[in-house]
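Novice: Below: one structure in structure tokens.
The values are calculated or read from the model by the stated rules, or taken from the named source; none is laboratory data. This is a predicted model, so every value here is computed, not measured. In this analysis, Cβ positions are derived from the backbone assuming ideal geometry, glycine residues included, and neighbour counts consider all displayed protein chains. Just the protein is used for accessible areas: all its heavy atoms, side chains included, with ligands, DNA and RNA removed. Shrake-Rupley method; radii C 1.70, N 1.55, O 1.52, S 1.80 Å.
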Amino acid sequence: MGRSHLTLAALATSAVPGLEVTGARSHGYGAHGEYDSALLDVRNGDQLIIRVPTSQAAETEQSADLVALRSLTAGIRGRLPFDVPDFVGQAPVGGTRAVVYHFLPGAKVELDDIAGGDGLASSIGRSIAAIHALPTSFVGDAGLPVLSAADCRDTVSALVDTASGTGKLPAALRERWRGAVADDALWRFQPTVINGALSVESILVRDESVVGVLGWSALRIGDPARDLHWLLAMRQDALESALGAYAAERAGAEDRQVSQRAMLYAELEVARWLLHGREVHDVSIVDDAVQMLDGLVDRVHSDSLDPLDPITGPVMAVTEVEQLLDATPLMRNGGEAPGLLPVADDTSEHHRLPRDEDD
């Protein structure tokens, strides 16, 4: 049984000395109940949120999120057109810890409700571009992962090999993805700061603008396409607006193949779902992933003239990728699958990039 909002309010007073809570209510956080959480009203007029992880995976995520949030200094946050949660305090509880943050107001939105034009879709594109434009130095200074383009390529290669080793990856997909890994041109990009776990669940919205971004546990230097692949599940007009706004903001950072890599990462979500099923020994997940892989094969079976490379462009039309992502657990559940880390295929070796100017 989860902790009540009254219990969580009492924990908050332990986590934040002198805190005077005037009201508390339960607050859903996470797509799968990974946290007990409550929204707290404070005497000074502030609102806080307290979270207690209910699983080891959630505890690991929360710890990584804290490291990332502490690395986002006032100077770094000032470069972003949206708010990021602030850490307020913590207290031990039942072998884990309760963490208190300032509450960020804003509404959640469904992907299908995002329309094209210079509204929310464009705001999403500009917001992602702002993350990718951050100076890289603070990430390495905080001890967060720093991956080169070669590292990103290697992790995709390892993911494909691992999926192939299950014996359940269709040969057509294995060859398609290995062909993408082998294409040198696809991996000529400058790594940037990335959130690493972005999804529609990450963003808070007000008046057709992104006003907050949650979930920074996978903050790192890496492939900017990782933050873009979920956009492919948007409606066509919204996708074009989001990518157009992103490209306009990143006009000085040439990356001709970012869309192809985003599509590759979108397809690889199905392979990751397969591996997750194997890891947790859940036959239903494995069967679900196999069915989706077969569906993906049907869509790319006529790809002989259109491999995933920068010369011919992406194999599937964007609408076909939308249909694929609509069928994946990532989109069905409105976030990450239970226990499935947002960036599960990164290498353990981190390399520093040249230092940038910081605030």
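Novice: Using a 1.4 Å probe on the protein chains only, how many percent of the accessible area of the range 173-299 belongs to carbon and sulfur?
Specialist: Details: 2150 of 4670 Å².
Percent of accessible area from carbon and sulfur atoms in the range 173-299: 46.
Novice: While we're looking at this one, here's another question. With θ taken as phi - 60° and the coefficients 6.51, -1.76 and 1.60, list the Karplus ³J(HN,Hα) couplings across the range 54-64 in order, rounded to whole Hz; mark glycine and proline as x.
Specialist: Along the range 54-64, the couplings run 10, 8, 5, 4, 5, 5, 5, 4, 5, 5, 5 Hz.
Novice: Counting only residues 5 or more places away or on other chains, whose amide H sits under 5 Å from the amide H of A38 once H atoms are built in the peptide plane?
Specialist: H27, I50
Novice: For the range 76-157, report the accessible area per residue in Å² (1.4 Å probe, heavy atoms, rounded to an integer).
Specialist: 37 Å²
Novice: May I ask you to derive the FRET efficiency for D287 and A171 from their Cβ-Cβ distance with R0 = 25 Å, giving the value to the nearest 0.05?
Specialist: The calculated FRET efficiency here is 0.80.
Novice: Give me the 1.4 Å probe accessible area per residue for the range 1-69, excluding ligands and nucleic acids, in Å². Could the numbers behind the result be given before it?
Specialist: Numbers: 3350 Å² over 69 residues.
Per-residue accessible area for the range 1-69 comes out at 49 Å².
Novice: Let me ask something else. For the range 8-16, in order, what is each residue's ³J(HN,Hα) by Karplus, 6.51 cos²θ - 1.76 cosθ + 1.60 with θ = phi - 60°, in whole Hz (x at glycine and Pro)?
Specialist: 5, 4, 5, 4, 4, 5, 6, 6, 10
Novice: Which order do the peptides 53-61, 87-95, 146-154 come out in when sorted by mean C-beta neighbours inside 10 angstrom, highest first?
Specialist: Ranking, from highest mean packing down: 146-154, 53-61, 87-95.
Novice: Count the net charge of all other residues whose Cβ sits under 11 Å from the Cβ of L40, scoring Lys and Arg as +1 and Asp and Glu as -1. Walk me through the intermediate numbers first.
Specialist: Details: positive: R25, R43; negative: E20, D41, D46.
Combined, the nearby Lys, Arg, Asp and Glu give -1.
Novice: Let me ask something else about it. Shape of the range 8-87 from its Cα gyration tensor (a ≥ b ≥ c, root eigenvalues): rounded if a/c is under 1.5, otherwise prolate when a/b > b/c, or oblate?
Specialist: Verdict is oblate for the range 8-87.
Novice: Kindly identify the range 136-237 as rounded, prolate or oblate by the Cα gyration tensor criterion: order the square roots of the eigenvalues as a ≥ b ≥ c, call it rounded if a/c is under 1.5, otherwise compare a/b with b/c, prolate if a/b is larger, else oblate.
Specialist: Oblate, because a/c is 1.5 or more while a/b does not exceed b/c.
Novice: Under 5 Å between amide hydrogens, which residues at least 5 positions from A98 or on another chain qualify, with H placed 1.01 Å from N in the peptide plane?
Specialist: Result for A98 returns A91, V93.
Novice: Modelling each spin label as a point 7 Å along the Cα-to-Cβ direction, I'd like the A149/E254 distance in nm, to one decimal.
Specialist: In this crude label model, A149 to E254 measures out at 1.1 nm.
Novice: Using Cα pairs closer than 8 Å and at least 6 residues apart in sequence, work out the relative contact order for the range 43-127, in percent.
Specialist: Numbers: 70 pairs, mean separation 27.4, N = 85.
Worked out over the range 43-127, it gives 32 percent.
Novice: Then there is this: Express in whole angstrom the spacing between the alpha-carbon centres of the range 212-267 and the range 31-91.
Specialist: Measuring centre to centre over Cα atoms gives 24 Å.
Novice: Show the residues, 5+ positions off or on another chain, whose built amide H is closer than 5 Å to the amide H of D83.
Specialist: Here the answer is G212, V213, since their amide H atoms fall under 5 Å of that of D83.
Novice: Further question on the same structure: On the protein heavy atoms, probe 1.4 angstrom, tell me the percent of accessible surface of the range 13-162 carried by carbon and sulfur.
Specialist: 48 percent
Novice: Using θ = phi - 60° and the Karplus relation 6.51 cos²θ - 1.76 cosθ + 1.60, list the HN-Hα couplings for the range 104-117 in order, rounded to whole Hz, with x at every Gly or Pro.
Specialist: 9, x, x, 9, 7, 9, 8, 4, 5, 8, 7, 9, x, x
Novice: Quick check on the range 63-205: take the gyration tensor over C-alpha atoms, sort the square-rooted eigenvalues as a ≥ b ≥ c, and tell me if it's rounded (a/c under 1.5), prolate or oblate.
Specialist: In terms of gyration-tensor shape, prolate.
Novice: State to the nearest 20 debye the size of the charge dipole of the range 2-135 about its Cα centre, where the only charges are +1 on K and R beta carbons and -1 on D and E beta carbons.
Specialist: Result for the range 2-135 is approximately 360 debye, rounded to the nearest 20.
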